[in-house]
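First the structure, in the form of structure tokens, and then the observations on it.
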Amino acid sequence: MEKRVRRIEIIVFVILTLVVVNFITSIVGNVKTTEDEIAEIEETKELPSEITREFLDKIVYNVKTEYNRSNWDGVYDIFGDYSKAQLSVKDVSQGFNKLKTAIGKINTYAYSHYIYEGDGNNAEWFEIHYKCRFDNGKGTIKISTRTVEQGTEVVGIVINLDEL
């Protein structure tokens, strides 16, 4: 009987040790995540002076207007030369037509935040987020920009439906 009690004590001690080690590991993991988040925040860069709130609101207004009218040539014209070299009006039309049947029209939108994506190909890349309401739910419009010496241009428009 004493041997059995001794075995149970050993098993309880091992389990307790594993629980404590697991707890300490999770705390250390959270500290590391926080350090990574701080490093990411430090890499944030201010928007170029030409990317003003008025500039961004005008782009999103054009996206909303042309999208709601199903004017895919108008949506295509929002893109800069960098994107136009890789896209056609047909590509834009096919993508946004499918999207419009799922989410409906864009009703309202408001600026949320921006993310500095870094620099590459001799350009600075930013992603600007707008929260919006569609006919079929809430979502986000993301406008990707590319800034070079010649100026800033739109290189991407992503519309996501977050919830119905």
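None of the figures in this text is laboratory data; all of them are computed from the coordinates on show. All figures in this text were calculated on a predicted structure; none of them were measured in a lab. So basically every Cβ, Gly included, is an ideal-geometry build from the backbone, and we count neighbours across all protein chains shown.
Any of Lys90/Lys138; Lys84/Lys142; Lys45/Lys105; Lys45/Lys98 with alpha carbons more than 29 Å apart? Name them for me.
Lys45/Lys105; Lys45/Lys98
Arrange the following residues from fewest to most other Cβ atoms within 10 Å of their Cβ: Phe126, Phe96.
Phe96, Phe126
Got a sec? How would Ile11, Ile157 order by Cβ neighbour count within 10 Å, fewest to most?
So the ranking, lowest neighbour count to highest, is Ile11, Ile157.
So how tilted is helix 89-103 from the main axis of the chain? Cα-based, degrees 0 to 90, rounded to 10.
Once rounded, the angle reads 60 degrees.
FRET efficiency for Leu161 and Val21, Cβ-Cβ distance as r, R0 = 35 Å, nearest 0.05?
0.25
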